[in-house]
Amino acid sequence: MPPLSPSVSEQLNKRLHEARADLLETVRSRTASDDDEAPAIGPLAHQGQSDDAPQSEMISHIEQHLAEHETALLREIEVAIGKLESGGAGICESCGCDIPEARLLATPTVRLCIACQEQLEKDQHTGRGPSM
């Protein structure tokens, strides 16, 4: 299997590191506080003295869901960076065939070739592809 071209490898490296930095900044901005307040994703972070408890619970649930999504996305980015650094980027994890460079550039965290992705979606009855 031919390795990725140097220009594609450089583009992927840049995009993945930028995506990781942006995601980490997003997480920090939502969870950091200047004083002793609880982070925004805390269970009671959105409940004040006169707040509606169900609404506060819903907001906290949404914040928790966002944190879980961001964690999963960060994991995908880290895996893609590791594969790029080890020379495994561009190889389908299912069949071992090459993933076209255009597909990698469109979705740097992609792990499957088109045929394997389509089969996975068919088997799982989903139409959802990679998230980045």
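The values are calculated or read from the model by the stated rules, or taken from the named source; none is laboratory data. Quick caveat, the model's predicted, so the values are computed rather than measured. Because the Cβ atoms are built from the backbone with ideal geometry, glycine has one as well, and the counts that use them run over all protein chains shown.
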Restricting the stretch 81-91 to residues that are within 18 Å of the chain's Cα centre (by Cα) and surrounded by 14 or more Cβ atoms within 10 Å (Cβ to Cβ), the one farthest from LEU16 (Cα to Cα) turns out to be GLY90
Is it the case, given these coordinates, that SER56 is surrounded by 12 or more Cβ atoms within 10 Å (Cβ to Cβ), at pLDDT below 95, within 30 Å of ARG28 (Cβ to Cβ) and among the small types (Gly, Ala, Ser)?
yes
**Message:** Within the stretch 11-33, does at least one residue satisfy the condition of being over 22 Å from the mean Cα position of the chain (by Cα), modelled with pLDDT of 65 or more and more than 17 Å from HIS69 (Cα to Cα)?
**Reply:** yes
In the stretch 55-77, anything under 16 Å from GLU18 (Cα atoms) and either in contact with a Leu (Cβ under 9 Å, 6 or more places away or on another chain) or of a type in the set (Gly, Ala, Ser) (or both) is listed as GLU70, LEU73, LEU74, ILE77
Filtering the stretch 108-132 down to residues that are hydroxyl-bearing (Ser, Thr, Tyr) and either surrounded by fewer than 16 Cβ atoms within 10 Å (Cβ to Cβ) or at pLDDT below 95 (or both) yields THR126, SER131
